[in-house]
Structure formats: C-alpha cells, structure tokens
Amino acid sequence: MKIIQASEAYSHYTDAICAALANSAKERGTGIATRSAEYIEGKLRSGKAVLALTSEGEFAGFSYIEVWGHEKFVANSGLIVLPQFRKYGLGKKIKAAIFRLSQELYPEAKIFGITTSMPVMKINSDLGYRPVTFSELTDDPTFWAGCKSCKNYDILQRNQQKMCLCTGMLYDPSTVSKSNVKKAIEKILKVTQRKKAV
C-alpha cells in the first residue's frame, strides 16, 4: 500500500472516490457533506489531496485539503478508507499524510476538522488537535455552506452554527511543539507498518 500526493495524473480516481464517500455516508447513518465530482477532481489535479493505492493501483483511501480565511485555516476533509482495507491502520496513515501535506503547504495555518467519527477524533488527538467550539473554527460562510448536503444541517442551523452532532477539533501550530507532532506522525506510521506485518 502506498500513500501519495495527488496530481492531474490521478484524476481518473474521481468516480471511485465519490462513490466511496457516498457509500460511507449511507453505512454510518451520520452526516457527511457531499462534494461534486468536479470538486473532488479539482483537489486531485491541484495536489491538495492524498490517495492510498495498492501496489496494483487499486483505490483504497483518500483525504483532501480545504483552505479558509485567507490561508489562516486549513481543513483536512473527506477521509475515507474502503471497507476491505479497514482495520489495518490505513486511515491513520492517510490522516498523517494529509496533515503533513497541510503543514508543508500552509505552515502557519491552524488545521481543523469537524467529525462524528470516534476513530478520527482519536487520530486528531494523537496529532495535537484539541476539541473546540465551532466559534474557534473558520467563520467563512462557504465552509459552513458545505454542510448543507448533510442530513443534520437543520441541527446546525437551529443552533446558529454554534454546535451540531459533529465535534470541532483544532490544531494550532503556535501552541503545539513541532517536534512532538513529528514524533506523533512517525509513531502513527510505525504502528501502521507493524499492523501490516502481522
């Protein structure tokens, strides 16, 4: 299994990614904001995404970067691992890779996410994120408009975008030791390799 930064050469995986995101939303029965095929393809072509592929080139997982507030905030979104590749630590590996890419492209930005997934919350915590109220995240209306396709959007609206079923998590580079984050990424990758070898 390899995790690679996307590029135009990988845009043919767009349909597989969109199908995987749609299937995950149905499986979990929780809100996942949908993105158009054009949007996902744009992330692939611009290099603001990572892909997990088998040695044969089969699509296994994905995540992408969104930039908000004039590059003050970066969101790691769309984390997906196909069912047949789960339970081997691949989600952690993808998350570490997209997190590292976010740091490389936007070193001063705060990195955030909103999720209902406990495994994602645990990975985020390992990387130095902390749970926060939505008021500490971007106030860019375009970000919150992305929640419209989520079945829980009415809850967000009723609460004036202050809370929903998702948990907001934030990584602030000014408050977290970069050496600790590097160690956390290395630990995640080491654990992933050990699980793979079992």
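Tabulated values for the structure
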| item | result |
| --- | --- |
| Unmet criterion (only one of (1) at pLDDT 90 or above; (2) over 22 Å from L90 (Cα atoms); (3) among the hydroxyl-bearing types (S, T, Y); (4) surrounded by fewer than 16 Cβ atoms within 10 Å (Cβ to Cβ)) for S177 | (1) |
| Complete set of residues in region 89-109 that are open to solvent by 40 Å² or more (accessible area, probe 1.4 Å) and more than 14 Å from the chain's Cα centre (by Cα) | E104, L105, P107, E108 |
| Strands (runs of 3 or more DSSP E) wholly inside region 1-72 that include at least 1 residues being of a type in the set (K, R) and either farther than 29 Å from I155 by Cβ or open to solvent by 40 Å² or more (accessible area, probe 1.4 Å) (or both) | 2-5 |
| Candidate set: region 8-29, residues that are of a type in the set (A, V, I, L, M, F, W, C) and modelled with pLDDT of 85 or more; chosen: the one farthest from the chain's Cα centre (by Cα) | A9 |
| Check on D140, farther than 22 Å from V50 by Cβ, charged (D, E, K, R) and crowded, with 16+ Cβ neighbours inside 10 Å | yes |
| For T167: the one exception among (1) polar (S, T, N, Q); (2) open to solvent by 40 Å² or more (accessible area, probe 1.4 Å); (3) modelled with pLDDT under 90 | (3) |
| Counted residues, region 118-162 - those being within 24 Å of N180 (Cα to Cα) and of a type outside the set (V, I, T) | 14 |
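The values are calculated or read from the model by the stated rules, or taken from the named source; none is laboratory data. For clarity, every value in this text was computed on a predicted model and none was experimentally measured. Every residue, glycine as well, gets a Cβ built from its backbone with ideal geometry; the counts of neighbours run over all protein chains shown. These accessible areas exclude ligands, DNA and RNA; they are computed on the full protein's heavy atoms, side chains included. Shrake-Rupley method; radii C 1.70, N 1.55, O 1.52, S 1.80 Å.
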